[in-house]
Structure formats: structure tokens, C-alpha cells
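K.L.:
Can you read through this structure? Questions will come right after.
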Amino acid sequence: MPMSPAGKSTVFTTDDFASCAMSYVELHAGSAFSFLRGGSFPEQLAETAAELEMPAMALLDRDGVYGSQRFAMAAREQNVRPITGAELTMEDGAILPVLVENRAGYKNLCGLLTQAHLRSEKGKCSVQWSELAEFADGLVALVGEAVCFPRDANSVAYSSENRAQFLIDAFGCENVFVEIQRHFLRGKERINRPLVDLAAHYRLSILATNGVQYAKPSGRQVADVFTCIREHTHLDAAGKLLTQNAERHLKSDREMRELFRDLPEAIENTSRLAERLTFSLENIGYEFPSFPVPSGHSMDSFLRTIVWFGAQQRYTAVSAAVKRQLEEELALISKLGFPGYFLIVWDIVNFCREHDVMVQGRGSAANSAVCYCLGITPVDPVSNHLVFERFLSESRKGWPDIDLDLPSGDRRESVIQEIYRRYGKHGAAMTANVITYRGRSAAREIGKALNFSPSILDRFSHLFASGDFPHTLDLQSQIEQAGLPKEHPRMPAFIDLYQAMYGLPRHLGQHSGGMIICQDKLSSFVPLENASMPGRVVAQWDKDDCEDLGIVKVDLLGLGMMSVMQDALELCRERGRPLDLAHIPKDDAATFEIMQKADTIGVFQIESRAQMATLPRMKPKCFYDVVIEVAIIRPGPIQGDMVHPYLARRAGREPVTYFDPRLKPILGRTLGVPLFQEQMLKIAMVMADFSGDEAEELRRALSFHRSEVRMNKVSVKLRAAMQRKNVAPAVIDKILQSITSFALYGFPESHAISFAILAYGSAYLKVHRASEFYASLLNNQPMGFYTPATIVKDASRHGVKTQPVCVQRSTWNCAVVSDETVRLGFCVVNGLRHEHADELVRQRQDRQFDSLDDFKRRVAVSKEELRALAELGALNCFTDHRRAAMWRVEEAMHDDLLARSTSSSPLKRMNISERVQADYETMNLTIGPHPMKLLRERLPNVWRAIDLAQAQPGASVQIAGNVICRQRPGTAKGFVFISLEDETGVANAIVDPDVFERFRLMITEESFLLIEGDVQNSENVVLIKTRDIRPLAHEQLVGSESHDFH
Amino acid sequence: MPDPRKTAGEVGRIMSILHKWGVHTVGDFAALDRKDISARLGPEAVRLWERAQGKSMRLLKLIEPPESFAESFEFEHEVETIDPLLFMLRRFLEQIAIRLQAIYLVAQELTLRITFDNREQYERCFSIPQPTNDVDLLFRMLHTHLENFQSEHPIIAIALEAKPTKPAPQQFGLFETALRNPAQLSETLARLVALLGSNRVGTPVVEETHRPDAFHLEPFAWNFSPPSTPAEPKSGAALRRFRPATNASVLLEQNKPLHLRSAKVSGAISKKNGPYLASGNWWDVQTWSRAEWDLELNPGELVRCHADESGWQIDGVYD
């Protein structure tokens, strides 16, 4: 039976804190994970508790333990013993704080919260008084103001005495404490006196708490703003809803003793109770489900059997190296007790295969030969020289990380639902994704609370639609641009609040694919609640928290491109030219040719503007070049100033050098430039003699992008170790700079290989199965960087003709007519319902429509849908032209016995520009000419995208087109990239920060632009350096939507 | 009679279809067949088509532009004293009153606009409690306001606009008393505002805030609103507030009051409760913060006092 890896850690004992006994312990504090109630991160609370020399502290978030793990981690680091608890919203509005005493109590708290959450809609929770007794074991209840005198209570049926008696009956006398809070408020003692009397009457202990809502007094401002957001009001109107003072912060032992001078036992009781609360999240007793194996087998032996069977399938001859690798891996897996985990993932992969769902393991699992033999990953780690330790090592805490890529949409959902089916609603859940206040959302909510005019907030949203841009404008200038004068009396409050609220949790979402499962009820380890998506249950912790607690997660990630590829392969099979991705040639010249020309619209990963700008320089010639290409355009390598050295070395313009000769074997494949996480770990091992443990710590810091502190700590260690080994200071700096840049986005080589397989596969399909590829791409929209309009134009440039939607021929999906022709499906028609289209196809299968009247009679589509079909030409099969069909669809239907004569249409045919406009209005794409072609004659000075390669570098040119992409990469120091599409292709412009600020609104709002600037041509990558921008306003210009600032 | 809103929506729908049909002119529309229009676009479209054909007859309705009761004047020279303004305003009022009388209307509101040489404008709206055309009365209202009017820049133009209404006799309830002379009241209020400033005249309203005794003034309105429900009686001794609060000197020992001296109450402090801390409006310049104490003085007097950024003040004494 595998033991939870987290269980191996040290557990705090009360003896550890014996020296601090009788100090005040805060036993009632809430963090920002109480969602719109607390004003501080759990980490800030832990830090302040440590500053105040508090030996222990309890975190009680509202209706959950959302912040408990983060709090526990931070508190332990600060030498503060974390105590777990929660505030429960009761059915009548009362708030009951409960503290966890032991593991049974924790299990009960999770069970109670799960029960209360799952019967409520998302975001709501209401515990019934009657169910408390069932879950009371191991919990301590606090009876205070919020229980006896609830402010929002909708029932006053109980007196405080009744309430106390009820809780004593449920929890037991020794587990109920009377909670007294003092916040320097007039009238507070009128509430506290009866509570003291109540304690005396029932012989209950009194407990002093401060009902903490923020770490430091300044947190009160955030708490007030949260009150406004919660109550849908603003600070000027909130009145007495706001707090009276800033006293709900963490207070020292001295401050609290002074406050409770008349009740010293209330202070003493806090440490006495804290001593009793021994539960630690470090050992929640989680067990991964065991896998049922055939009789006569243990999980170990069964895994061994199927791995060796898989090895014979995967390798034509199992070499000694492979044998050695497999033996080593199997031994370690067995030693760490993980065979069940591998078997379960293998089982999920088998389920996918059996149900025709394409699946591919990604991430560090690709470093494992066992995963390769089990069919989990497509990468052979032995031939690719991948490091198994990156995936699994003896010193590694936590479960190995196996992520499965699945086709997005229904196929992935079927796998998720299968896991729910197997493990039950309480046995499996998606991990949470905490949505935080950032950029526009923070500024907007703060602006509303400060009662700024809606016009300022709207303008701010438009100007900064694309998130946080600190590169060129600080926050004050941003809000000034939105119309708030610099000297506005509330400007300082806005700035302070923005900084304080940035990153605080806003609400809980669900992670895109992370699922956690367990042997028993998962709800015994973490509270579960409903997600907004029907049929989905989400845990209260995010994936990092789950990983820290040793709860195993399987990432079932949806990739649009996998869906495209699976669809395309199915189409190939149906059309009699099947293709097996596993066996396509890895050295196809035509595939590399389109990559070298950056002709990669629609290709996985390497279709972005930044990738396209690198491809002609990189000129991939083999599969490993694609792996590097995938990895090279990442915040990590760019921040580390690593891209250009690699390309320069590759082109022979710069000599290949190494930080140190010892690194040659590690960095040889990447010409001396560290590009992969594995290389970082190896550098640390070689240059700093990092042990497996330390390398593991480095790995965690590299992939743990939420903690700068963690990264800094490792960096200090690394520097010291290298100094001890007498590494030159300049080399140390270089190595550290490369490593810290990875903290933002570590990219393991194995991951890059997995992605490169998809990139190469999709490029191969684009070249050799173009019609199937484009049809599938259109059927899986929205996805990727480009809109259907751009994809259709790209198809046409590759000789694939697109036929229009036709009610006599189209199906819901776009279909392949021939190797060079794709028929648009009904899925591209705006507003046409799927079920109506299916009904249409069913009717047509019964019998072809013989006339428009026949069609109208037999297919129940709405008038609007009918109009759209006529307008885009789908009814042209019954009439001479689109307007003739539009004329006919407006006729009322009569069930006359005698046939009526219908007049022929007096309407004129649409001209080309009208057709293009109608296409965009009804489908967001056109198979006719590009709108720019219609305008070309009127723009004699504007260069076509295709001609730009001939322009002299430095020459001043004008380009114009439909804005299909605006990007402002965080690493580009405020530069903006704009892609303009015309009838010949895509032209790219670069806008410097000054020009961007001058034309900000025009750039973000206009769909067609004319850009004037100077030509920059570097290794066949043409960029126009923008000087001037004008909107290209014309009534004929209807374009597709842009893919912005992703 | 068709509902005009429905008709407008219907016309919009028809126009949108015609636009997509490529029918952009009245001529194109008129050229279509009536039966076809009827079958496809319905009766409203037929009505439009008949109009386009010139077949339907419709009586022209005389729509008169609304009468303007506004007068304005640009001075040839910049004005720096009140007399030329008053002279022009009296003339404006006479003109406006004549025009209003001619059509049996009275003024219910006057808007005065003054333009300065830097192109900035000052605008003031006078609500007339009992709508009237009495030039003297209206003039007095303007005069009172302008008596204390000051500006940094000379005046280059002036305008006056009256909002007309029908003279309506007011019927009061049996036990309600009417103001004997609303105009007089209004004028008195205007004089007070001119004398004290607009933020110091009106009806005090208690603010919904934690700041003790906070209130603001709302414009005085003569109405007969029913009395609000009586506030719940508060427990504890009643506080007799000093308004304004009285300045005091307090001797502190370890940050706690020991002795109090003021013009109204003084003495050594025998018992104390507090501090009660309150603060608010942290988000703008009106931020405030205070620490309140309840003190028992030696003669047995109970007082409430507070300390804020301006020092110690006594809020009142308890009964």
C-alpha cells in the first residue's frame, strides 16, 4: 500500500512549542480565501503571526479550507504551528466558527462542507443545524457574537441559551468555547457581558479572539472594498456596512492581554486549546486507489508483466540499455510504492484507446521508459537521452506527474465522466483554479467602489482591454488616460488599493484538466463543491496545494489540435488514404519546407507570430530542430537572453562556447545555450554538486512559479555551492541568470518533444492531407491563433478550394469533397442551431429537397436561420442567386390545395463586395475575394503582404489589412506586434511603446488599419517598424475578429 | 391606432430586410409589386410602399417649434459690476413675462448663465416655489443671488431662460397649512444662502455613517411628508450633545485621561471607559479618525469626549 509521500514529513508536536506555552494564539482569523471577506493572503497572515511571535495560529476561512494548505506551508516555514478550521454559514445566517482537533475532526469538517456545498448551487453553502451532531466528532465550536446575535440572521427562533445548549449537546461541553472579541467599539460589551454570563451558566471556557480579517491595519481598506463588491454598492453609499475601525488585524500577546485584562483566562485558554488542536495537514491520511490486478499478481508483478510486454511491442529488439533502464525504473517505482498509480494511468489510456480517443502523455512522464512501454507517452526516452530523474527520483517528494493530452471537447469530457463514474461523485474531483484580481478586473472593481464615473471605467477597460501593461505606462498614467485627473482626491487610494488587491483571490474556478482521485471518499480529505459546469465537482484546493499534500492528480488536458488531428485522421481513413501518425516519416522535406518558410498557419504551437518570426531563422531540418523551435519561444529563454545566441550560433555568426568546459556534454545539443529544464538540473548537479534532493528542490522551484521566495532560496544555495567549487563569479552570474529566467516558465525537454510530435504531425497533415486537415481545423473552431476567415484564405493559398454552404450538400461539419476541395458545413453559420441542422440532414437523407418550398415545408428552421442560409448562398441550389432565395424565403407558406404561382424575384444579384459583406455577417469568413482585394485599386501606394520580401530594408512603405492579431508579449519591453491580413497573406508590423501610446485606442479598437513605416528584413523575416497608423475606414470593409493579446 | 413604438420596430425590421435585398432607394422600393410586398413583408410594408408610390394621402400636420423663453446678450465691453447685469436681467424678465402671458403660461424655473472672458460659464438654476410671471418677484430672486456674487474674471455675456408651466391652483388637504407666501420664503432662503453659503442652509439629515453626529444639509423643501417611523429607543443614559463640541484640555497618564478641563465641565477623572476607536472616509481627503472616551468626573458628572487630529473635545454630558 503506498504511503502518502507527504506523510513522510515531520509533524509538529505540541512539545515543540512548549517554550511558548500560554502565549496568546489567534484562533479565529480569515484570509482572502474567504472570498470577498478577508483582506490578506494566508502567507501574509503567517508572516505577521511570526513577527508577533505567535506560537500557533488558526485559519478559519468562510465555508471552506481554501487557503489552509497555503497557510500551513507558510506558517511552518515561519515556525508558527498552523491550525485548521472554518467558519460555517448556517441555514439561518448565523456563522459558526469550528476548529479541527484531530484527523477525525478534519474528516468530519470536509464531509460536512462537502455535504453543504453539493446540495447548494455554486458559490453557496448552508449548513443545517440538525446535521452538526453527525459531524461534530473531533471539532471544537466557538460560540460568539456571530452565533448568538447573528447580524444577517433570518431566524430568531433560538435564544443564545438555546443555541449554546444545542452546541453542547452536539459537540460536548469540553468542545464548546465562548468566544469574546474586543475591537474598541462602543456597545460591544453589551454583547460580551451576556456571553460571559452564558459561559458561567454552562461552565464553558471563555476564549479571546480578534476575529481577524487582515494581517495589518492597512488591510481594512481592502476589506471595505470587498464589502462594497459583495453588497453591490460603493464606499460613499456603503455607510454602516463598512467597518468602524481597523482593529481586526493580528495582535500581539501584549496587546491582547491588555484588552482582556479583566478576563485573563480568556487569553490563557487560547494556548490551552491550541495545544489540544494537534491536527496537521501534513498527514491527512490520503491513499491513492489501488488497482485491481488478476489473481496471482501483485500490483508490482502485474506492472512488470505489462511493461515487458509493451517493451516488446515498442522496440524491435530490446537492447541492453533499454533493459537496464526499465529494470531501474521498475525497481524505483516498486520501492516508492507507485505501481498502482502507473496502472491506473495505463488503464485511463487504455480506456481512451478502446473508445477511440487520441491520447498522448506529456510533461516529464516522457522521460520514463516505463511510460513509453505502457503506451502513455510516444517518446522513447532511451534513444532521446532523456533524464529519468526529472520524472521520478528517490528523493522526490510527491507523486510523479503524468499529464495526458486529449482531444478537447466531447472526447475529453467522456474520459472525465468515466473517471467520475469509476470513483463516484465523492471519490474524484477537478482541482480548483483560483481566479484572482488582476489588471482590468482589479482596476474596475476598485473604480466602482471608489464611485468613479462609469465612463472612466469603460474607457479604462477599452484602453487596457488586454491586461496589465506596466511596460510603458504606470498605473497612475493608465487611469489618468482613462479620464481621472492626476490630482483627483481618490487617486492615492486607487493606487494603494490596486497594489493591495492585486493577486487576491476573487472566486474559485475549476482547473482545465487536473483531476484528483482517491481510495476512499475524496471528501474526507478535501471539501468538494459543485462547479458551474453541470456534472463537474471541484475540490477546494488548486493543483499546487494538492501536490503539496501528496494528493495525486492526473491532468487530462484538452488540446484543440489533438481533436483536429484525430478528426483529420478519421477523414483520411474514411476517404481511403489512411495515415498512422506513429509511422509517418520523420524527415519529410516538404514538411520542413513549410516550416522554413513560416507557412505554418494552423500548425500546432509554431503558428504564433513569434514562432513564425523565428522559423525562417531557425530553418528546421530535422525533428530535434522542431523540439528546439517549440521550446525557444518561451518567456524563460527570452528573459534569459538566450534566443539570439542560439540562433546566431546556429547560423555560424557566433562561436559555440560553454559557461564551463564541464558543461559540454550537457549543452552540446543546444550549442552551449541552456534551453531545457533538464539541462538546468544537470548544470546544478555538475557545477554545484547538487544532490538528488537539492536538484529536486530546484526542479520544484523552477516549476513553482507562484513563489519567488522559493526560487530566491534555491538561488542562494546554488551560488554558495558554486562558490565553494571555485566557479568564476562571472560564470556563476551567467548560470544563475539562465536558471532564474526559467522560474517563469520552465520547459522540460520531454515536454518539448511531446509538443514537437504534434507540431510535426500537424504540419505533415497540412502538407500531405491538406483537405482533411483544413476541414478538421474549421470543425474545431475556435482554437489556435487564427480565425476561420484566415484559415480559409490559407487553404486557398495551398490549393484547397472551399465550397460554400449548401443545404443540399453540406452536413454540420465541414466535409472533404476531394483532395483539393472542402465543403463548408453548417457549423460555420452564425446562429444556426445544431439540432436544426441535424434535422435538415435527416430530412435530406430521407429524400432530397426538390424545391425551396419543399425545403421550407420539411425543415423546421426559424425565419432568422432561413434568412441567414439564403443570404450566405446556401439556398442557391433552388434559385438563380442569393437575393432570389432571400426573396423567396420571405414568402409566407400556404397549404393550398392548388399550387400557387410564385413570382420570380425582381431583386438584383449581389455584387462581389455585397457577397463578401454578407459572408462575413453570416459566417465570419468568406470564400470570395478578401475585402482588401476589393479596395486594392484605391490604395495604389499600399504594398501587398506577398511583395514585402522584395522591399529594400529601410524603405518607407505602407501596408494595410484586416487586423488578425495584436500581441504585446511580456518579454518585449512594451513593443506591440500587429498582423495585418490582405488578399495575399499576412504582413507584420512592430509598434514601439511611444507610437503605441499615441495610437492606443485606434490600435485596440479598429479592425482594419493602414500602417506606414520602415522595412526591416532580417533573414527573410520582414517587419514594418511603424511610424504612423490610420484606420482604414470603408463601408465595404467587414472583417473577421482579431486574436488579441493572448 | 397602431402603437407607434411597435410600428417603429416593424419599420426597422422592414428596412433591414430591404437593405439586404439591395433596395436602397424609394424608387427601388416603389418599383416592387404591391402583392409581393404584402406577401413578404406584411401590412406595414404595404403602407410604406403606398407612401413611396405617392398613392396614399396624408394630411400635413403643422408642428410648431417649441416657443423659446430665453434671452441673451453679449456685452460690447467686459462688465465688472453688477448694475449692467441687473439692468439686462430686468429687461429679459419683462420680455419673457410678456411672451409667457400671451400664451397663458407662467415661469416655474429660471436658468441664469453668465459667460466670463476666459470662456468659462457660470450657471445657476432658480426653482420658483409658486410659478409666476411677476417680474418684480422674479427680479428680486435674481438680485438677491447676484448681490453676493463674485468672480475672478469679467463678464462678457449673460443669458436667461425660463421654463414654462401651466398655472395650476394648488389644493391643500383639510388640515394642511399652505405657505402664506412661498415666494417670500424662497427669497428668504436665497438671501440666507447668499449670506452663509449653500452648504450651510437647508434641512439637516443624519448621515448613515459611523462618524458620530455626522449630518449634511439637503435643500429646504416645503412638503407634507408623513413623519418617519419613530426610532427604536436606545438603551443606556441619554447623551446631551454640545453642538458644536466644546474644546477641552485633558491631562493624560499612560495615554489615558486623568484630568479634564473645559469651559463647560472640568474635574479629575474618577472612572473611564474607552477608548472607542472609529475612523472612516479613508479613501479621500475627508478622512477622519477619533478615539472616544466616557469619563466620570469627580463631582459625579458623566461626559463623553473624544480626541482627534484637532485635539480633545467634549461631545456632551450624560443625563
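The values are calculated or read from the model by the stated rules, or taken from the named source; none is laboratory data. Since we're looking at a predicted model, the values are computed, not measured. Using ideal geometry, Cβ is built from the backbone for each residue, glycine included, and neighbour counts are taken over all protein chains shown.
K.L.:
So residue A:358 clears everything in (1) crowded, with 23+ Cβ neighbours inside 10 Å; (2) touching a Cys at 6+ places or on another chain (Cβ under 8 Å) except one condition, right? Which one?
P.N.:
(1)
Yes or no, residue by residue, for (1) surrounded by fewer than 16 Cβ atoms within 10 Å (Cβ to Cβ); (2) in a helix (DSSP H, G or I); (3) within 46 Å of the chain's Cα centre (by Cα):
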{"position": "A:161", "(1), (2), (3)": "yes, yes, no"}
{"position": "A:167", "(1), (2), (3)": "no, yes, yes"}
{"position": "A:183", "(1), (2), (3)": "no, no, yes"}
{"position": "A:186", "(1), (2), (3)": "no, no, no"}
{"position": "A:189", "(1), (2), (3)": "yes, yes, no"}
{"position": "A:192", "(1), (2), (3)": "no, yes, no"}
{"position": "A:198", "(1), (2), (3)": "no, yes, no"}
{"position": "A:206", "(1), (2), (3)": "no, no, yes"}
{"position": "A:210", "(1), (2), (3)": "no, no, yes"}
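K.L.:
Could I ask something else about it? Looking at A:945, A:949, A:960, A:989, which is the one that is away from chain B (no Cβ under 14 Å), loosely packed, with under 15 Cβ neighbours inside 10 Å, touching a residue at least 12 places away in the same chain (Cβ under 8 Å) and touching a strand residue (DSSP E or B) at 6+ places or on another chain (Cβ under 8 Å)? Please lay out each step first, then the result.
P.N.:
Working: A:945 fails: loosely packed, with under 15 Cβ neighbours inside 10 Å; A:960 fails: loosely packed, with under 15 Cβ neighbours inside 10 Å; A:989 fails: loosely packed, with under 15 Cβ neighbours inside 10 Å.
Of A:945, A:949, A:960, A:989, the one residue that is away from chain B (no Cβ under 14 Å), loosely packed, with under 15 Cβ neighbours inside 10 Å, touching a residue at least 12 places away in the same chain (Cβ under 8 Å) and touching a strand residue (DSSP E or B) at 6+ places or on another chain (Cβ under 8 Å) is A:949.
K.L.:
Are any residues in segment A:331-387 free of Cβ contacts under 8 Å to residues at least 40 places away in the same chain and either under 13 Å from residue A:403 (Cβ atoms) or in contact with a His (Cβ under 7 Å, 6 or more places away or on another chain) (or both), and if so, which ones?
P.N.:
A:368, A:371, A:376
K.L.:
A further question on this structure: Across segment B:283-316, what is the total count of residues that are within 37 Å of the chain's Cα centre (by Cα), modelled with pLDDT of 90 or more and of a type in the set (A, V, I, L, M)?
P.N.:
Adding up the residues that qualify gives 3.
K.L.:
What about residue A:356, is it at negative phi, of a type outside the set (A, V, I, L, M) and at pLDDT below 90?
P.N.:
Values: at negative phi: no; of a type outside the set (A, V, I, L, M): yes; at pLDDT below 90: yes.
No, not satisfied.
K.L.:
Still on this structure: Collect the residues in segment B:84-135 that are of a type in the set (S, T, N, Q) and in a strand (DSSP E or B), keeping them in residue-number order.
P.N.:
Initially, segment B:84-135 is screened for residues of a type in the set (S, T, N, Q), giving B:95, B:101, B:108, B:111, B:115, B:118, B:121, B:127, B:130, B:132-133.
Listed by number, the residues that qualify are B:108, B:111, B:115, B:121, B:127, B:130, B:132.
K.L.:
Based on this model, can you work out whether residue A:219 counts as more than 28 Å from residue A:160 (Cβ to Cβ), surrounded by 19 or more Cβ atoms within 10 Å (Cβ to Cβ) and more than 11 Å from every other protein chain (Cβ to nearest Cβ)? If you could, list the steps in order and put the result at the bottom.
P.N.:
Working: more than 28 Å from residue A:160 (Cβ to Cβ): yes; surrounded by 19 or more Cβ atoms within 10 Å (Cβ to Cβ): yes; more than 11 Å from every other protein chain (Cβ to nearest Cβ): yes.
Criteria met by residue A:219.
K.L.:
Moving to a separate point now. Consider residue A:316 carefully, then state whether it is closer than 30 Å to residue A:781 by Cα and either touching an Asp or Glu at 6+ places or on another chain (Cβ under 6 Å) or of a type outside the set (A, V, I, L, M) (or both).
P.N.:
Details: closer than 30 Å to residue A:781 by Cα: no; either touching an Asp or Glu at 6+ places or on another chain (Cβ under 6 Å) or of a type outside the set (A, V, I, L, M) (or both): yes.
So residue A:316 does not fit the description; no.
K.L.:
For segment A:567-578, check the following and say yes or no: at least one residue is part of a helix (DSSP H, G or I), surrounded by fewer than 19 Cβ atoms within 10 Å (Cβ to Cβ) and among the small types (Gly, Ala, Ser).
P.N.:
Going residue by residue through segment A:567-578, those that are part of a helix (DSSP H, G or I) are A:567-574.
If we keep only those that are surrounded by fewer than 19 Cβ atoms within 10 Å (Cβ to Cβ) too, we end up with A:570, A:573-574.
Those still in the list that are among the small types (Gly, Ala, Ser) too: none.
Scanning segment A:567-578 turns up no residue that is part of a helix (DSSP H, G or I), surrounded by fewer than 19 Cβ atoms within 10 Å (Cβ to Cβ) and among the small types (Gly, Ala, Ser).
K.L.:
Still on this structure: From A:856, A:793, grab the single residue that is away from every other protein chain (no Cβ under 14 Å), part of a helix (DSSP H, G or I) and among the basic types (Lys, Arg). Lay out the reasoning, then the answer.
P.N.:
Details: A:856 fails: away from every other protein chain (no Cβ under 14 Å).
Answer to the check: A:793.
K.L.:
Here is a further query. Sort out for me the helices (runs of 4 or more DSSP H) sitting completely within segment B:1-72 that have 2 or more residues that are without any contact (Cβ under 8 Å) to a residue 60 or more places away in the chain and more than 12 Å from every other protein chain (Cβ to nearest Cβ). Show your work before the answer.
P.N.:
Details: elements: B:4-21, B:26-30, B:34-41, B:43-53.
Once the helices (runs of 4 or more DSSP H) in segment B:1-72 are filtered for at least 2 residues that are without any contact (Cβ under 8 Å) to a residue 60 or more places away in the chain and more than 12 Å from every other protein chain (Cβ to nearest Cβ), what remains is B:4-21, B:26-30, B:43-53.
K.L.:
Still on this structure, please answer the following. Could you check, for segment B:192-204, whether at least one of its residues is within 14 Å of chain A (Cβ to nearest Cβ) and at pLDDT 85 or above? Walk me through it before giving the result.
P.N.:
Step one: filter segment B:192-204 for residues within 14 Å of chain A (Cβ to nearest Cβ), giving none.
No.
K.L.:
Mind checking which residues of segment A:373-405 are at pLDDT 80 or above and more than 27 Å from the chain's Cα centre (by Cα)? If you could, list the steps in order and put the result at the bottom.
P.N.:
Step one: list which residues in segment A:373-405 are at pLDDT 80 or above, which gives A:373-383, A:402-405.
A:373, A:374, A:380, A:381, A:382, A:383 - these are the residues of segment A:373-405 that are at pLDDT 80 or above and more than 27 Å from the chain's Cα centre (by Cα).
K.L.:
Now a separate question. Among the residues of segment B:147-156, write down those that are hydrophobic (A, V, I, L, M, F, W, C) and either surrounded by fewer than 17 Cβ atoms within 10 Å (Cβ to Cβ) or free of Cβ contacts under 8 Å to residues at least 40 places away in the same chain (or both).
P.N.:
The first filter runs over segment B:147-156 and keeps only residues hydrophobic (A, V, I, L, M, F, W, C), leaving B:149, B:155-156.
Passing the criteria: only B:149.
K.L.:
Further question on the same structure: Only one of A:495, A:446 is surrounded by fewer than 22 Cβ atoms within 10 Å (Cβ to Cβ) and of a type in the set (A, V, I, L, M); which? Can you show your working first?
P.N.:
Working: A:446 fails: surrounded by fewer than 22 Cβ atoms within 10 Å (Cβ to Cβ).
Exactly one of A:495, A:446 is surrounded by fewer than 22 Cβ atoms within 10 Å (Cβ to Cβ) and of a type in the set (A, V, I, L, M), namely A:495.
K.L.:
May I pose another question? Spot the failing condition for residue A:944; the list is (1) under 23 Å from residue A:607 (Cβ atoms); (2) under 28 Å from the mean Cα position of the chain (by Cα), and only one is missed.
P.N.:
So the condition that residue A:944 fails would be (2).
K.L.:
Identify all residues within segment A:476-518 that are over 26 Å from residue A:34 (Cβ atoms), touching a Lys or Arg at 6+ places or on another chain (Cβ under 9 Å), part of a loop (DSSP other than H, G, I, E, B) and away from chain B (no Cβ under 14 Å); write none if there are none.
P.N.:
Within segment A:476-518, A:482, A:483 qualify.
Matching residues to (1) within 30 Å of residue A:340 (Cβ to Cβ); (2) more than 14 Å from chain B (Cβ to nearest Cβ); (3) at pLDDT 95 or above:
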site: A:231; (1), (2), (3): no, no, no
site: A:241; (1), (2), (3): no, no, no
site: A:250; (1), (2), (3): no, yes, yes
site: A:258; (1), (2), (3): no, no, no
site: A:276; (1), (2), (3): no, yes, no
site: A:281; (1), (2), (3): yes, yes, no
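K.L.:
Confirm whether residue A:601 is modelled with pLDDT of 90 or more and β-branched (Val, Ile, Thr). Show your work before the answer.
P.N.:
Details: modelled with pLDDT of 90 or more: yes; β-branched (Val, Ile, Thr): yes.
So residue A:601 passes the test.
K.L.:
Could you pull out the residue among A:752, A:795, A:721, A:763 that is without any contact (Cβ under 8 Å) to a residue 60 or more places away in the chain and crowded, with 20+ Cβ neighbours inside 10 Å? Full working, then the answer.
P.N.:
Numbers: A:752 fails: without any contact (Cβ under 8 Å) to a residue 60 or more places away in the chain; A:721 fails: crowded, with 20+ Cβ neighbours inside 10 Å; A:763 fails: without any contact (Cβ under 8 Å) to a residue 60 or more places away in the chain.
Exactly one of A:752, A:795, A:721, A:763 is without any contact (Cβ under 8 Å) to a residue 60 or more places away in the chain and crowded, with 20+ Cβ neighbours inside 10 Å, namely A:795.
K.L.:
For segment B:269-289, enumerate the residues that are more than 7 Å from every other protein chain (Cβ to nearest Cβ) and exposed (fewer than 13 other Cβ atoms within 10 Å of the Cβ).
P.N.:
The answer is B:270, B:271, B:286.
K.L.:
I'd like to know if segment B:130-146 contains one or more residues that are at pLDDT below 85 and surrounded by fewer than 13 Cβ atoms within 10 Å (Cβ to Cβ).
P.N.:
no
K.L.:
If you don't mind, another one. Sort through A:176, A:212, A:225 and tell me the only one that's within 14 Å of chain B (Cβ to nearest Cβ), of a type in the set (A, V, I, L, M) and in contact with a Leu (Cβ under 7 Å, 6 or more places away or on another chain).
P.N.:
Values: A:176 fails: within 14 Å of chain B (Cβ to nearest Cβ); A:212 fails: within 14 Å of chain B (Cβ to nearest Cβ).
Every option except A:225 fails the conditions.
K.L.:
Mind checking which residues of segment A:817-848 are among the polar types (S, T, N, Q) and either free of Cβ contacts under 8 Å to residues at least 24 places away in the same chain or in a loop (DSSP other than H, G, I, E, B) (or both)? Walk me through it before giving the result.
P.N.:
Filtering segment A:817-848 down to residues among the polar types (S, T, N, Q) leaves A:818, A:821, A:830, A:843, A:845, A:848.
Correct list: A:830, A:843, A:845, A:848.
K.L.:
I'd like to check which helices (runs of 4 or more DSSP H) are fully inside segment A:361-453 and have at least 1 residues that are aliphatic (A, V, I, L, M) and within 30 Å of residue A:35 (Cα to Cα). Even if it seems obvious, please write down each step before you answer.
P.N.:
Working: elements: A:369-373, A:410-423, A:439-449.
Once the helices (runs of 4 or more DSSP H) in segment A:361-453 are filtered for at least 1 residues that are aliphatic (A, V, I, L, M) and within 30 Å of residue A:35 (Cα to Cα), what remains is A:410-423, A:439-449.
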